[in-house]
1. Among the candidates Phe9, Phe45, Phe89, Phe101, single out the residue that is among the hydrophobic types (A, V, I, L, M, F, W, C), within 23 Å of Pro155 (Cβ to Cβ) and more than 16 Å from the chain's Cα centre (by Cα).
2. If you scan region 73-97, which residues turn out to be hydroxyl-bearing (Ser, Thr, Tyr) and part of a loop (DSSP other than H, G, I, E, B)?
3. Could you tell me whether Pro52 is in a loop (DSSP other than H, G, I, E, B), over 17 Å from the mean Cα position of the chain (by Cα) and farther than 30 Å from Ala202 by Cβ?
4. Identify, from the list Leu283, Leu309, Leu240, the residue that is farther than 19 Å from Phe329 by Cα, part of a helix (DSSP H, G or I) and either touching a Ser or Thr at 6+ places or on another chain (Cβ under 9 Å) or at pLDDT below 85 (or both).
5. Given the criteria over 28 Å from Leu214 (Cα atoms) and of a type outside the set (A, V, I, L, M), does Asp51 qualify?
6. Taking the conditions exactly as written (at pLDDT below 95, touching a Leu at 6+ places or on another chain (Cβ under 8 Å) and not hydrophobic (A, V, I, L, M, F, W, C)), does Gly175 satisfy them or not?
7. Determine if region 67-76 includes at least one residue that is at pLDDT 85 or above, more than 19 Å from the chain's Cα centre (by Cα) and closer than 21 Å to Pro345 by Cα.
Amino acid sequence: MDTGTAIVFVAVVGARFLVPLLIPFFPLPAILASLVLDGVDQTIFQAFGHDPPQYQGYDKAMDVYYLAVAYLSTMRNWTSRPAVQVARFLYFYRLVGVVAFELADWRPLLLIFPNTFEYFFIAYEVIRLRWDPARIRLRTWIIIAATIWIVVKLPQEWWIHVAKLDVTDLMAEHGWILPTLLAVLALAAALFYFLVVPRLPAPAWPWRFAADPLPENIDEAAERDRWVAANSRLWSTGTLEKVVLMGLLWVIYAEVLPEGQAGTTQLFLGVAVFVVINAAISLFIARRTRSFESALAAFAVRALINVGLILVASWLVGGTLQRGNAIFFVLLLSLITLLDDRFRPVHEARFAPSVVGRSAGEYSS
């Protein structure tokens with residue numbers, strides 16, 4: 001690989017890791033950029049005559065990564081509790097399906113467990129551009145999710161994973177396909193403009209591409225610490241969800257990355273131990289109101305702690321440390337648990353009974 005190709009490779013891979021970190025702050029632009037990068041990265045490599053070895057596994061891993069960041073962002077940003085509930089189901093449903101596919105290698109599983117979460121996330125953020133999602137009821141969110149699932153994702157998953165068809169190849173073979181697709185899109189745009197737009201409610205605010213400000217009672221590290229110290233417990237549904245999330249993620253990573261040797265149960269239990277230790281450390285720090293305001297500093301400290309934990313674990317079990325996978329594991333564990341620890345309290349504080357009751361009273365008055 002020459003210098004120019006190496007620069008392009010590092011730039012593309014770096015973008016795939018860094019762009020998703022913008023999702024919590026610019027949800028719609030960042031997830032669309034992540035989606036585009038996912039679609040064009042290998043095309044860019046091929047244009048430079050480079051086919052990275054084992055990149056397919058890393059490509060899948062990075063897909064899972066940016067969707068995890070998007071899911072955690074719902075806890076930071078979304079003001080509609082029903083939408084968060086639907087998103088949680090859709091995300092974990094897909095995650096379980098991906099794990100099942102990686103273990104069984106049966107492609108129809110990806111059709112049974114479609115990635116509806118991603119498009120549901122986009123739909124929410126499109127609505128939030130001009131309207132208040134908090135005014136939308138659970139029934140409407142379920143209808144939106146079901147429409148995406150049936151009309152969009154099932155045909156797409158069947159096309160890609162079951163029929164294994166390629167749009168580019170089909171358009172090259174049949175010249176009528178591209179004009180037909182353009183005509184269908186134009187018709188859909190016209191129907192939306194003339195039938196849907198006039199029936200939309202008046203916009204609640206000007207265009208909003210950046211995430212909304214955090215609630216004032218928890219928008220600083222010290223306030224977050226006080227909330228966690230007063231309301232969080234080590235043994236809680238939040239910790240359980242984090243264990244399940246990280247356990248499933250790492251099972252997927254272990255299947256798609258090279259040199260994965262540990263069994264699924266062993267991996268899941270090992271990750272559970274690390275997640276609980278991280279949660280205990282976070283709770284200990286919060287109770288002393290010493291969290292970092294800087295996410296970068298907090299990430300660096302957490303990564304160093306987890307490196308130490310992995311070295312100790314490797315020494316205790318007498319195993320050999322696979323450095324590449326171990327480093328990847330440390331970064332993943334540290335980043336996802338850090339985002340969870342920072343975003344989950346925002347979600348809990350936003351929808352705490354006292355806060356919801358006060359907001360409802362203010363609204364009715």
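The values are calculated or read from the model by the stated rules, or taken from the named source; none is laboratory data. For clarity, every value in this text was computed on a predicted model and none was experimentally measured. Don't worry about glycine lacking a Cβ; one is built from the backbone with ideal geometry, like all the others, and counts go over all protein chains shown.
1. Being among the hydrophobic types (A, V, I, L, M, F, W, C), within 23 Å of Pro155 (Cβ to Cβ) and more than 16 Å from the chain's Cα centre (by Cα) holds for just one of Phe9, Phe45, Phe89, Phe101, which is Phe101.
2. Passing the criteria: Thr79, Ser80.
3. Yes.
4. Just a single option satisfies the conditions, and that option is Leu283.
5. Working: over 28 Å from Leu214 (Cα atoms): yes; of a type outside the set (A, V, I, L, M): yes.
Considered against the rule, which asks whether it is over 28 Å from Leu214 (Cα atoms) and of a type outside the set (A, V, I, L, M), Asp51 comes out as yes.
6. No; evaluated as a whole, the condition is false for this residue.
7. No, every residue in region 67-76 fails to be at pLDDT 85 or above, more than 19 Å from the chain's Cα centre (by Cα) and closer than 21 Å to Pro345 by Cα.
To keep it simple, each residue is scored yes or no on (1) buried (at least 21 other Cβ atoms within 10 Å of the Cβ); (2) out of contact with any Leu (no Cβ under 9 Å at 6 or more places or on another chain); (3) over 24 Å from Ile144 (Cα atoms).
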residue	(1), (2), (3)
Val8	no, yes, yes
Gly14	no, yes, yes
Leu22	no, yes, yes
Ala47	no, yes, yes
Leu67	yes, no, no
Trp78	yes, yes, no
Arg81	no, no, no
Arg88	no, yes, no
